[in-house]
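Visitor: Below: one structure in structure tokens.
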Amino acid sequence: MFEAFCQALALLFRPDVLGLAALGTLIGLVFGVLPGLGGIIAVAVLLPFTYGMEPTTAMLFLCAVMGAVPFGGSVSAILINTPGTAQNICTTFDGFPMARRGEASRALGISATASGLGALFGLVVLVMLIPVVRQVVLLIGPPEIFMLILMGMVTIALAARGNLVKGLCAGGLGMLISFIGFSPVFGVLRFNFGSEYLWDGVQLIPVVIGLFGITELINYAVRGGTIAAERAAAGGSMVEGVKDVFRHKLCFLRSSAIGTIVGIIPGIGGTVATFLSYVIAMQTSKHPETYGKGNPEGVVAAESANNAKDGGSVLPTVGFGVPGSAEMVVLLGAFMLHGIFPGPTMIKEHLDIVFAIIVGFLISNILASTLGLLAANSLAGLTRINTSYIAFGVAVLCFVGAFTMRENIWDVVMALLLGFFGYGMVRLGFPTVNFTTGYILGILAELYFSQSLMISYGSYAIFFTRPISLTFFVLTLFILVYSFRRGRGSEKG
Amino acid sequence: MKKLICFSLLFVLIVLPLLVACAKPAPAPAPKPTPAPAPPPVPTPPPPPPFPEETITWIVPHGAGGFDTYSRAIAKVMPKYLPKKVDIIIKNVPAAGGRTGTADIYRSKPDGYTIGILNIPGHIVSQLIMPVEYDLAKMEYLGLCSTINYNLWVAKNSPFRSLSDLQQAKKPLRSPSYGFGQTGMLVATITLEATRIPYTFVTGYTAAPEIALSVIKGDVDILIESDVVVLMPYYKTGDLRPIAVISEGASQLFPDIPTMKKLGYPELAELGGYRIIAAPPGTPKERVKILEEALIKAMQDAETQEWSKKVEMPLVIAKGEEAKGIVLKQTQLFAKYTEMLKAAQKKLEK
Amino acid sequence: MKKVSKRRLLFAGLVVTFTLVIVLTSFSYFPKARLLPLVVGIPTLIFSILALIGEIYPKLLRLLDVSLIDYTAGGLVKEEESLGKPKDTTRQVLNLSLWLTGFFILVYLVGFLISIGVFGLLFLKVYGKVGWLKAIVVTAGTWGFIVGMFEVFMKVELFQGVLFGAIVPPI
């Protein structure tokens, strides 16, 4: 195995391959920054260009593209409060307040460092687990995934500040929206009210662009002025940001671990990984009230998780051809095109491809993070520009981004409507994050719940007789109890 | 304020036509009609405008997968065999389970610049049981590129060794599927009903590898699936065992495994999928012919053949006429099964 | 009783209506398919009604406001305070919403390429009140980037507008 790793590394010594890796990183960054675009579209667009390449080079290139996307997305998340991709939503919670304080460079420094190191963590775990990939993936089935989703939903629901009623209501709304559309599980078209457009339901990109792009756009366009309300405080530099990651190493390690585990679990990806990681970091912090106001630890939690998940998600993808995240689905398409078939034979016969993938992610994270650190100060300058320019640019990008995924003009309408609705939610105190969690997890929860019952011939025992499923359930109960006691405790104090 | 309005108007008036000119591709130049020759004045009809002149779009009503992969491989080589080498670009339209993409192909301008790949009998069944915006009988068929053959599998340590074992199972056997309306589930329903194997579906899976995994794990008991490419590695490691061959086309792959025909169910041998390429109804006959020839030659091309062997995705080549015949035959076949499928769906809703 | 904002009532009422419609529609599906929508929908309906009542009687809502975790986990909820006390934002929000809607209508009619140019100049001049040169430069730059990135590199045919014959997918 070490030999295969060295072989893959040796690829980088070829100038054409290195050049491709650098190009891929740059493309990944751009696709990450632009809202509505992301790893999935980037790989889909670039796939035809890889025709003539050898499989190892092609995979290295495509993974270089994918590896840079999370960091790219964090740039827009921090600077203009618009996540470049869904997995950067949590970065906005603390990254943007830091930018408003004039500490954008610091936030970018944290993101660059946490992203790079988080990716490394995920890749190391991946390499360690390759020999046991079969056993690991065979342990996970619909009951386990359902229990994990339940844990995620409970954790996030509990973190709704102050108004529990509105928080749960928002979460429920999100879940109901996710049920719209044709369900292949039941063969029924639900809640589309005669609309052909809603046959596929409400899509993720209009939701993210609308709720986080357009809502934000309304916010700062209305506010006027510039994004950075104050001049940079001393200690707001990029180097500070790098140090921050090491200051909060426990948070970093835990968030990377969460990201990697969620990545390994098929069917759930970056968005869930970051939400879970952020909320757990907040729950276990000594000063949870500082989260959401510009606490660097929040940025660490979010950005380590979304890069760590990439390493984890490769495991089931190459081991069984089961995608560990949405981005891996397109990578599988790339495999097929180049005649590589993931499965039991891939690890044995194509270890060089597996390592080309790993090296691709590795090099792109190194390059992207380095570039990010160097450019942090200049990028931070964006926060001192008149918001009208930003509003215009973001409006254009949001509209085009919403359109591009399916080349459907109604997606732009959906994004607009959700943007207005999102603004209303924010003003009335309904947490958009609960809504988004409900939206992402609702339909998935139903899928895995139903599948589990079909497997068990209708018996609910299946959730409690399988060890990993039971473990997640117990963890969920533990989180509930812990939160109650903590709430009581601070009330007394 | 007035100044602003003036400026805006000026901008729109000047820039608009510029943008329009740049945004749309240049239209194909109209050819000059050949002048009538000197006496005797026999007027020759003007030759049709040269085709193709611009990029051709190939619609794939699916995301990544078999249809997409075959389309890309063929579309890469096809321009070589067109009178003029234009690009053929793939456009994925996976919405509404492929119905939107198929409707797009049907509704596109019939000028030969849009073609697409069809899921037969998947979209035949859609047309039979629900209102759709296309009529497969009216399409102009260019050819067949591959077939989808189904087999019946079990896991390595499954207690069932033969079809009769399955028929005598005490509990309903769990069979995984992608979901209602998918061809695989249709084939599975028809097979299981015909052979009277007690069954229940586990739906919601999204791809063949997931399904293979679930059989190996023991979450489900039997597997009726086509994706040999995914299943072959498991066959070679012994994790999965084929019990019966359903589609006639798969019999060479597993010569020792009994076919449904031999086991007494010859009607099941006709079940299978076809990946057929077509153009919108009304496309002029000469353009259809040009496209058809290019398509067939592209599939026979050495590069495509080599790719096909390398990735183990066999090409089954047939011309437009034969492809149309397949569509009509499959339509008749599934019309027979419509009632059975509807009844089976009602049963599963309980 | 404090003066109740009509707009807030309207929004909360919208949420209640939507949830009610979903719950009622669920009953038209067979049991398995309506299970989760009802399990989620009925509690959500109750919560949304409570939230609506809470807009009229805020004291009641505070009674039920038992946050299991008693701290201000900001970021997850951005109430008015964190936005920085806005003066009379309703008019400004409406104003901006009109601009965005207008942009969309423009895109629908004449497509992205023309709309970006027109919207850019109008918005920056009228709303942003920036100078002519800056407006033209920013608009041209954005236009160039969009064309280069999407039309040229990604080969995406940006919506051309119904007036230019673009086919609109079914609603």
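The values are calculated or read from the model by the stated rules, or taken from the named source; none is laboratory data. Computed from a predicted model, the values in this text were never measured in an experiment. Reconstructed Cβ throughout: ideal geometry from the backbone, glycine too, with neighbour counts over all protein chains shown. Surface accessibility is based on the protein's heavy atoms, side chains included, excluding ligands, DNA and RNA. Shrake-Rupley method; radii C 1.70, N 1.55, O 1.52, S 1.80 Å.
Visitor: Given the DSSP H assignment, sum -39500 (n - 2.57) over each helix run of at least 4 residues in chain A and divide by its residue total; what's the result at 222 nm in deg cm²/dmol, nearest 500?
Guide: Value at 222 nm, helices only, nearest 500: -24000 deg cm²/dmol.
Visitor: Only helical DSSP H runs with n ≥ 4 go in: add -39500 (n - 2.57) per run for chain B, normalise by residue count and round the 222 nm mean residue ellipticity to 500 deg cm²/dmol.
Guide: -13000 deg cm²/dmol
Visitor: So how much accessible area does A:His287 have, in Å² to the nearest 10, using a 1.4 Å probe?
Guide: Looks like 110 Å² after rounding.
Visitor: Return the value, in Å² to the nearest 100, of accessible area buried between chains C and A (probe 1.4 Å, both sides summed).
Guide: So the buried area, both faces added, is about 8200 Å².
Visitor: Jot down the radius of gyration and Dmax of the range A:414-487, Cα atoms only, both in angstrom.
Guide: Rg then Dmax for the range A:414-487, in Å: 17.5, 46.
Visitor: Taking each pair of distinct Cα atoms in the range B:256-350 once, what is the resulting Kirkwood hydrodynamic radius in Å?
Guide: 16.8 Å
Visitor: Still on this model: Roughly how much of B:Ile197 is accessible, in Å² to the nearest 10, using a 1.4 Å probe?
Guide: 10 Å²
Visitor: Given R₀ = 25 Å, what would the calculated FRET efficiency be for C:Lys6 paired with A:Ser195, taking r from the Cβ atoms and rounding to 0.05?
Guide: FRET efficiency, C:Lys6 to A:Ser195: 0.25.
Visitor: Can you compute the equivalent ellipsoid semi-axes for the range A:275-388, i.e. the square root of 5 times each eigenvalue of the Cα gyration tensor, sorted largest first and rounded to whole Å?
Guide: 35, 20, 12
Visitor: Okay, moving on. Calculate, axis by axis, the spread of Cα positions in the range A:350-479 along the three principal axes, and write the results as whole Å, longest axis first.
Guide: Cα spread of the range A:350-479 along its principal axes, largest to smallest: 59, 49, 36 Å.
Visitor: Right, next: Could you list, bin by bin from short to long, the percent of Cα-Cα pairs of the range A:98-143 in 10 Å steps?
Guide: Each 10 Å bin holds this share of Cα pairs: 23, 26, 23, 17, 11.
Visitor: Let me ask you something else. Here are some pairs, B:Lys85/B:Lys319; A:Lys166/A:Lys293; B:Lys171/B:Lys262; B:Lys285/B:Lys324; which of them have Cα atoms lying more than 18 Å apart in this structure?
Guide: In this structure, B:Lys85/B:Lys319; A:Lys166/A:Lys293; B:Lys171/B:Lys262 exceed 18 Å between Cα atoms.
Visitor: If you consider only alpha-carbon coordinates, what radius of gyration and Dmax does the range B:76-184 have, in Å?
Guide: Gyration radius and largest Cα-Cα distance of the range B:76-184: 19.8, 63 Å.
Visitor: Compare the peptides A:102-110, B:319-327 by average per-residue count of other Cβ atoms within 10 angstrom and give them in order, highest first.
Guide: Top to bottom by mean Cβ count within 10 Å: A:102-110, B:319-327.
Visitor: With the cut-off at 18 Å, tell me which of the pairs A:Lys348/B:Lys236; B:Lys84/B:Lys297; B:Lys138/B:Lys336 have Cα atoms farther apart than that.
Guide: B:Lys138/B:Lys336
Visitor: When you count, for each residue, the other Cβ atoms within 10 Å and take the mean per peptide, how do B:92-101, A:315-324 rank with the highest first?
Guide: In decreasing order of mean packing, B:92-101, A:315-324 become A:315-324, B:92-101.
Visitor: Quick check on the range B:257-296: what are the equivalent-ellipsoid semi-axes from the Cα gyration tensor, as sqrt(5λ), descending, whole Å?
Guide: In descending order, the three semi-axes are 37, 11, 7 Å.
Visitor: Another question, if that's okay. What is the Cα convex hull volume of chain A when expressed per residue in Å³?
Guide: 148 Å³
Visitor: Then there is this: Tell me the Kirkwood radius of the range B:70-125: reciprocal of the mean inverse pair distance over distinct alpha-carbon atoms, in Å.
Guide: Mean inverse Cα-Cα distance, inverted, gives 12.6 Å.
Visitor: Let me ask another. Averaged over all directions, how much area does the convex hull of the C-alpha atoms of the range A:392-437 cover when projected, in nm²?
Guide: Dividing the Cα hull surface by four gives the mean projection, 3.7 nm².
Visitor: Can you give the Rg to Rh ratio for chain B, taking only C-alpha atoms and Rh from Kirkwood?
Guide: Rg/Rh for chain B comes to 1.10.
Visitor: Would you mind checking B:Lys170/B:Lys261; A:Lys243/C:Lys134; B:Lys80/B:Lys109; B:Lys309/C:Lys155; B:Lys76/B:Lys289 for any pair whose Cα atoms are more than 29 angstrom apart?
Guide: Those over the limit are A:Lys243/C:Lys134; B:Lys309/C:Lys155.
Visitor: Specify the inter-centroid distance of the range B:277-350 and the range A:1-51, based on alpha-carbon positions, in whole Å.
Guide: The two parts, judged by their Cα centres, are 35 Å apart.
Visitor: Another question, then. What per residue convex hull volume, in Å³, do the alpha-carbon atoms of the protein assembly as shown yield?
Guide: In the protein assembly as shown, the Cα hull volume divided by residue count equals 184 Å³.
Visitor: Now, a different point. For the protein assembly as shown, what proportion of DSSP beta bridges, expressed in % and rounded to the nearest 5, is antiparallel?
Guide: 70 percent
Visitor: Pull out a ≥ b ≥ c, the square roots of the eigenvalues of the alpha-carbon gyration tensor of the range A:77-185, then state rounded if a/c is under 1.5, prolate if not and a/b is larger than b/c, and oblate in the remaining case.
Guide: In terms of gyration-tensor shape, oblate.
Visitor: Could you tell me the largest-minus-smallest coordinate of the C-alpha atoms of the range B:156-196 on each of the three principal axes, in descending order and whole angstroms?
Guide: 30, 22, 16
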